[in-house]
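What follows is a set of notes on a single structure, which appears directly below.
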Amino acid sequence: HVLLIKGEAGIGKSRLLHEFKTRLAGQQVAVRELRCQAEFSGSPFHPVLTLFESILGFVDGEGAAAKFARLAEYLKMRYPSIAAEMTPLLASFMSLPVCAPFVEVALPLPTRREAEFSLLLRLLKSLAEQSPVLLLVEDLHWADPSTLELLKNMIEGETAFPMLAVFTARLE
């Protein structure tokens, strides 16, 4: 299910989402938020990367090897059946060096991009299998083309899973 809230700047789109999240407090719903920003509209997947950094608990100044270890442990604990396959690909997607025992992904760019899309959709689907997902995407009008393509694939994909995606955008 998808909902698009469009309106002029300042009419309360973000406030509406905040109230919706507040009313869901205590429910078995995984809330994931992407925030698109004008200054990053040319940076591929910026809101998606920011979301993963938040989920993984990355902190400023943390070394790349520590971030990779955190990512590998997270996937191993949450997605044990697919962690070995996903760890190097997600690390590459997040521009992290792949550490042993994993091996760097060696795919041509178009194939890698397709694999990354598939990975992101599988992660979202795996999350939705654990509990329903509320995906909030704010300021869609500032989303970069790669993020837009990912969201389009998610919405138009053949695989349905328990998720409500709510997008906000300005009229233009």
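From its DSSP helices (H runs of at least four residues, each -39,500 (n - 2.57)), the chain gives a residue-normalised ellipticity at 222 nm of -15500 deg cm²/dmol. Beta bridges from DSSP with both residues in the chain: antiparallel share about 0 percent, rounded to the nearest 5.
Take the Cα of residue 56, step 7 Å toward its Cβ, do the same at residue 100, and the gap between the two points is 2.1 nm.
Cα-Cα pairs above 24 Å in the stretch 51-172: how many percent? That tail contains 33 percent of the Cα-Cα pairs.
Ligands, DNA and RNA left out, the 1.4 Å accessible surface of the chain is 55% carbon and sulfur atoms. In the context of the full set of protein chains, residues of the chain present 57 Å² of accessible surface per residue (probe radius 1.4 Å, heavy atoms only). Remark: spin-label model distance residue 6-residue 141 equals 1.0 nm, labels positioned 7 Å along the Cα→Cβ axis.
On the beta carbon distance between residue 76 and residue 15, with R0 = 41 Å, the FRET formula returns roughly 0.60. Which residue fluctuates most in the GNM of the chain (Cα springs below 10 Å): 162, 110, 44? Greatest mean-square fluctuation among the candidates belongs to 110. Helix 83-93 and the longest principal axis of the C-alpha atoms of the chain enclose an angle of approximately 70°. Taking only the Cα atoms of the stretch 124-172, the radius of gyration and Dmax are 11.7, 36 Å.
Using Cα springs under 10 Å in a Gaussian network model of the chain, which residue among 78, 112, 23 shows the largest mean-square fluctuation? Maximum among the listed residues: 23. Counting 0.36 nm for each residue step from residue 23 to residue 64 and taking away their Cα separation leaves a gain of 11.0 nm.
For the options 59, 105, 48, a Gaussian network treatment of the chain with springs between C-alpha atoms closer than 10 Å singles out 59 as fluctuating the most.
The values are calculated or read from the model by the stated rules, or taken from the named source; none is laboratory data. All of these numbers come straight from a predicted model, not from anything done at the bench. Every residue, glycine as well, gets a Cβ built from its backbone with ideal geometry; the counts of neighbours run over all protein chains shown. Each accessible area value is taken on the protein alone, full model and side chains, heavy atoms only, with ligands, DNA and RNA left out. Shrake-Rupley method; radii C 1.70, N 1.55, O 1.52, S 1.80 Å.
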